[in-house]
1. Tell me which residues, restricted to region 171-193, are open to solvent by 40 Å² or more (accessible area, probe 1.4 Å), modelled with pLDDT under 90 and assigned to a loop (DSSP other than H, G, I, E, B).
2. Given 166, 224, which one is under 16 Å from residue 259 (Cα atoms), open to solvent by 60 Å² or more (accessible area, probe 1.4 Å) and either basic (Lys, Arg) or at pLDDT below 85 (or both)?
3. Of a type in the set (S, T, N, Q), modelled with pLDDT under 90 and within 27 Å of residue 531 (Cβ to Cβ), is that true of residue 612?
4. Within the set of pairs 6 or more residues apart or between chains, which connect a residue that is of a type outside the set (Asp, Glu) and surrounded by 12 or more Cβ atoms within 10 Å (Cβ to Cβ) inside region 369-383 to a residue that is at pLDDT 70 or above and in a loop (DSSP other than H, G, I, E, B) with Cβ atoms less than 6 Å apart?
5. Any residue in region 389-405 that is modelled with pLDDT under 75 sitting within a Cβ distance under 8 Å of a residue that is polar (S, T, N, Q) and in a helix (DSSP H, G or I)? List the pairs, counting only those 6 or more apart or interchain.
6. Restricting the search to region 278-288, which residues are open to solvent by 20 Å² or more (accessible area, probe 1.4 Å) and in contact (Cβ under 8 Å) with a residue 12 or more places away in the chain?
7. Say we look at region 292-312 and pick out the residues that are free of Cβ contacts under 8 Å to residues at least 24 places away in the same chain and more than 17 Å from residue 381 (Cα to Cα); which of these is farthest from the chain's Cα centre (by Cα)?
8. Looking for something closer than 15 Å to residue 624 by Cβ and either out of contact with any His (no Cβ under 6 Å at 6 or more places or on another chain) or not in a loop (DSSP other than H, G, I, E, B) (or both) - is there at least one such residue anywhere in region 571-587?
Amino acid sequence: MIKILAIDDKLDNLITLSALLKSLIPDISVLTAQSGLEGIEKAKAEMPDTILLDIIMPGMDGFEVCQQLKSNETTKRIPVIMLTAIQTNSHSRIKGLELGADAFLAKPIDEAELVAQVKVALRIKQAEDQLRQEKNHLQSIVEERTKALGESEQLYQSVFNAAETFLIVNLDGMVVEANPAACEMYGYSRESLINMPMKKLIHPAYNHLIGESKEQIKSKKQFFSSAVIICKDGSRRHVEVRKISFLFQGATHLLIAVRDLTERKKAEEMLRNERNFINAVLDTARALIVVCDKDGKIDRFNKACEKLSGYSFEEVHDHCIWELLPPPQEQELVKEKFAQLLKTEFFLSTEYHWQTKQGEQRLISWNKSYFYDNVTASLHVVSIGIDISKERQAQQEAERQREQLIQTDKLSSLGVLVAGVAHEINNPNSFIMLNIPILENIWQELVPILDKYQSTGEDFSLGSIPYSTARERVPILISAVREGSQRIKDIVTNLKDFARQDVSGMDQKVAINEAVRSSVTLTQNQIKKATHYFVLECAARLPAIRGNFQRLEQVIINLIINACEALPDSQKQISLTTALNEEQNHVLVQVKDEGIGMPADVLKNIKDPFFTTKRELGGTGLGLSISDSIIQEHGGTLTFESCVGQGTTATITLPIFQDSI
């Protein structure tokens, strides 16, 4: 039964590791030790096939335990796999490997990788044990033959240093001697092999190896080659052939050592099958899998990557991962993350975009790690990614809707507040409006009396104003009070209409000029503060549109406020115009400012949810996104044109209500 020794100062870790190994590897016995000293003693006593060794332990750490195990003649051939959750950097890995460790795994341990590493270690241990047995067996054969034949020291050294199976062949290609291992391999007795031509023992495709023997004898060098031999039962075996010339019984002969590679060939074939299986799994996986070397050059790109990116493996092979796939603005970020993984982290999660061959950008969530290939002594970075573009868009849409609900709730609260304020303002304003006609009548009746009084003497004063002046100004003052009171009434009415919860839906016949004028009334204060040059031009006799007066008013107010905030000083102009496009049966509303303008990279994102250039001023990035949604609900469009330093033009296009054409 296979024995594995696990050394860890944490009992929980040993229990978990033991259960995991027993569940994944059949016919296995797991020994445990909770300290380095206990582990060394158990290794000497039990001689396990593989040792799993934790690095961080009190007293004697894993590095010291590994060093003592590898320096002891009894335990030095036992494969050691080092485990750690902390010391995962390159320095610690190199230190462990230099001390004799055969592999290095980081916690949390990947089950597949653990099983693979343990199986590799067991194969190494089994091969080394078999090699030692073969060597001992060979040494025994060589000693027996040397004593029996009493040949020269050269023959003894040749047999001793040769493989376990050997033949002695003369210059005519005939076998003159064969050891028992050769007899066993070929299936012939020693007597049958002697004087048998080598051509009978080797596949015809390799007969040229016999013809090369004379040249090899002259050079007196050792030659290696691969061949296929034919056994007595007709079976074929892949072998490695080693040939060297030497003196035997006073004549020059070839000592041919044959090493059976059949099992190795089977193992190689099995490895190829496993590799093909892994390749098939990777290529059918829905996740994006990219493997890079330590320089970031791509050497694996699965089918999912090809499908998403539009690039074939041949197109991306040997390109750095940050050069071709990420958009230009993110390439430096990807390069930095790659370097960070190699220097400081064993496992890294990150997000960045891929730009497909067609120019589309997809947001990918990546998990990255690296592994060290002991066979090729090279480092590779494995990146596993998932396309989260739709999920992120759904999150943003949900957040936008949440913000809309918050804004709706705010407007609802504002409606209640405005209704109360309007009531308080309307009461005194009604008193003013009711008393203005009375004051006007009183003044009209006083004027003849005051005129008569003035005609009898010198001019007199009313409220420190000469009567002659007051007679002209008082009617003007009364008229101004009437107009101001009416303006207060209009503003309060518009505020109440704007803040009132909308239950009318999208079926109203809306006069767009009324919505524009109402919006201007509500934003009059912001307009006066922002500019001395405000132009309002409403086209006459515009047809009605179908929609919602309140929502359109919300959009126009938003555009006016944005225009006010864009002006650098009050000398710049804002113009608000309406027009009719008779060819397309559309009504146009245009808000144009002479503000700071927007660059192209800002302009293309201006209607995206949560995109704002006024975050520090409390902007949410939802105003234009919501406005665009409202206009789309009306079957129209909201477009922007802008130039840095020259200003911005926002244009609303709305279809005409058909009954009004």
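1. 171, 172
2. 224 is the lone residue from the list that is under 16 Å from residue 259 (Cα atoms), open to solvent by 60 Å² or more (accessible area, probe 1.4 Å) and either basic (Lys, Arg) or at pLDDT below 85 (or both).
3. Values: of a type in the set (S, T, N, Q): yes; modelled with pLDDT under 90: yes; within 27 Å of residue 531 (Cβ to Cβ): yes.
Considered against the rule, which asks whether it is of a type in the set (S, T, N, Q), modelled with pLDDT under 90 and within 27 Å of residue 531 (Cβ to Cβ), residue 612 comes out as yes.
4. 379/294
5. Listed pairs, sorted by first residue: 400/625.
6. Filtering region 278-288 down to residues open to solvent by 20 Å² or more (accessible area, probe 1.4 Å) leaves 278-287.
Hits for region 278-288 are 282, 283, 284, 285, 286, 287.
7. Applying the filter and picking the extreme gives 312.
8. Quick first cut of region 571-587, residues closer than 15 Å to residue 624 by Cβ only: none.
Within region 571-587, not a single residue is closer than 15 Å to residue 624 by Cβ and either out of contact with any His (no Cβ under 6 Å at 6 or more places or on another chain) or not in a loop (DSSP other than H, G, I, E, B) (or both).
The values are calculated or read from the model by the stated rules, or taken from the named source; none is laboratory data. What you are looking at is a predicted structure, and each value in this text was computed from that prediction instead of being measured. Heads up, the Cβs are rebuilt from the backbone with ideal geometry, glycines too, and the neighbour counts pull from every protein chain shown. Heads up: the accessible areas ignore ligands, DNA and RNA and are worked out on the full protein's heavy atoms, side chains in. Shrake-Rupley method; radii C 1.70, N 1.55, O 1.52, S 1.80 Å.
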